[in-house]
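One structure is given here, and the rest of the page talks about it.
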Amino acid sequence: MPARIGHLVTSGTFSLDGGVWDVDNNVWIVGDDTEAVVIDAAHDADAIADALGGRRLVAILCTHAHDDHVDAAPALSARTGAPVLLHPGDLPLWRLTHPERPPDGTLGDGQEVAVAGAVLRVLHTPGHSPGAVSLHAPGLGTVFTGDTLFAGGPGATGRSFSDFPTIVDSIRGRLLNLPPDTVVRTGHGENTTIGAEAPHLEEWIARGH
């Protein structure tokens, strides 16, 4: 069977700069009946493992290293043997959550991860964090943007390690040039499309998210 996209929502907290917030996270699973990758192992390793249903986990891909996106990654890795992959620009954030357990490998711009006949191409999209990445799966007509692009605008840039002009440049230069019908699957909330978000770039800049 061809690769398909699975989805579950897990709940927990996000903490940074002394604040703690309740959050619901999207966890994405790309694969077929035999193998899969997990994008952003958030909060609940058991629930994610249950959703995998015994499939071989090829890798745990981290769009960035805020704790709500990586808190369950080591436990899921220990349970499945799958490596945790992260862009090295986010190692300082990773160490805030997992100081004794480094990632197993890196995600670099242009790198490709193959699973179940699908290819996910890494796009370095910093701004929300220095090592934030998006994962473009052209064969599936989708891009997984983590917290870089949401329905309605860019991810937050008001906390440590983030920068608004950088996230705008990432969205303009790396995401909005994807085909307009590309489905944007985000780290929180609802899906959107590149075509739905592209017309609002100047509005976002004026608002100065």
Dipole of the chain, positive direction: furthest Cα of Pro74, Ser11, Asn177, with charges on the beta-carbon: Asn177
Packing-based exposure ordering (other Cβ within 10 Å, fewest first) of Leu178, Leu57: Leu178, Leu57
Rounded to whole Hz, the Karplus (6.51, -1.76, 1.60) HN-Hα couplings of segment 121-133, x for glycine and proline: 9, 7, 10, 6, 10, x, x, 5, 8, x, x, 4, 10
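Stretched out fully, how many nm does the piece from Arg95 to Thr13 gain, at 0.36 nm a residue minus the Cα gap? Spell out each step's value before the answer.
Details: separation 82, 0.36 × 82 = 29.52 nm, distance 1.71 nm.
Taking Arg95 through Thr13 to full extension adds about 27.8 nm, to one decimal.
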Residue among Ser11, Ser134, Ser77 with the largest mean-square fluctuation in a Gaussian network model of the chain, springs linking Cα atoms under 10 Å: Ser11
Charge dipole magnitude, Cβ of K and R +1, D and E -1 - segment 4-207, Cα centre, debye nearest 20: 360
Reference-scaled alpha-carbon Rg (2.2 N^0.38 Å with N residues) for the chain: 0.94
Listed peptides 114-122, 94-102 by packing density, highest first (mean Cβ within 10 Å): 114-122, 94-102
Theoretical gain in end-to-end length, Asp24 to Glu190 [0.36 nm per residue, Cα-Cα removed]: 58.6 nm
Burial ordering of Glu190, Glu35, fewest other beta-carbon atoms within 10 Å first: Glu190, Glu35
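Quick note: the coordinates plus some simple rules give every number you see, no bench work behind them. Note that the structure is predicted; figures quoted are calculated from it, not measured. Positions of Cβ are backbone-derived with ideal geometry, glycine not excepted, and every protein chain shown enters the neighbour counts.
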